[in-house]
Amino acid sequence: MTAFKTLKPSTLGRDAFVAAFADIYEHSPWVAEKAYGLGNLIELDEVEALHQRMSDILLSASHADQLALINAHPDLAGKAAIQGELTESSTNEQAGAGIHQCTAEEFARFTELNDAYKAKFQFPFIMAVKGSNRHQILAAFEKRIHNDSDAEFKEALAQINLIALFRLLQL
């Protein structure tokens, strides 16, 4: 089990806990609020334990809440990235994958795939990009766009939970 580097969840009051973990799930503080509300915070001092609780909350949420959380995520190499409108976490994650180094052709391909993906699934392509480069991301995009809606919805949730784990490991 991995202890947090910068904080100890069991020592935080509700407001501080929610503030610390509000953006682990992109623009969705309700996940942190529910995690705190379940009590027994001492067990959450390990990254994996808090991640499991938050993952369970997402996976047991209503379809509408899950879809809203998926839709809270920005497009990879999308307008928000280009205009500097991403959360700090999303900016760092996309930069770490080299998305900011895309050629004009690669940006055009990302735009084309983002548009086609959203037209097909009605939500943005989600991928935990840590450890990937822009070429691997484009390849995953091109493969996953052929999935059916149910499979891709489940994959989006799995990727979001992986993103959350990566974010928690930074704290």
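The values are calculated or read from the model by the stated rules, or taken from the named source; none is laboratory data. Predicted model only: the values in this text are computed from it and were never measured. Reconstructed Cβ throughout: ideal geometry from the backbone, glycine too, with neighbour counts over all protein chains shown.
Some observations on this one:
- Every residue from the range 142-171 that is among the hydrophobic types (A, V, I, L, M, F, W, C) and farther than 14 Å from Gln122 by Cα: Leu157, Ala158, Ile160, Leu162, Ile163, Ala164, Leu165, Phe166, Leu168, Leu169, Leu171
- Residue match in the range 143-159 (condition: in the same structural domain as Thr103 (by TED's automatic domain parsing) and touching a Leu at 6+ places or on another chain (Cβ under 6 Å)): no
- Of the residues making up the range 143-157, those that are assigned to a helix (DSSP H, G or I) and closer than 15 Å to Ala116 by Cβ number 4.
- Residues being in contact (Cβ under 8 Å) with a residue 40 or more places away in the chain, part of a helix (DSSP H, G or I), of a type outside the set (S, T, N, Q) and buried (at least 19 other Cβ atoms within 10 Å of the Cβ) - total across the range 43-75: 7
- Residues in the range 24-42 that are touching a helix residue (DSSP H, G or I) at 6+ places or on another chain (Cβ under 6 Å) and surrounded by 15 or more Cβ atoms within 10 Å (Cβ to Cβ): Ile24, Tyr25, Ser28, Val31, Ala32, Glu33, Lys34, Ala35, Tyr36, Leu41.
- Selection within the range 1-39 - small (Gly, Ala, Ser) and either in a loop (DSSP other than H, G, I, E, B) or out of contact with any strand residue (DSSP E or B) (no Cβ under 9 Å at 6 or more places or on another chain) (or both): Ser10, Gly13, Ala16, Ala19, Ala20, Ala22, Ser28, Ala32, Ala35, Gly37, Gly39
- If you filter the range 11-23 down to residues that are in contact (Cβ under 8 Å) with a residue 12 or more places away in the chain and under 15 Å from Met54 (Cβ atoms), you find that the one that is surrounded by the most Cβ atoms within 10 Å (Cβ to Cβ) is Phe21.
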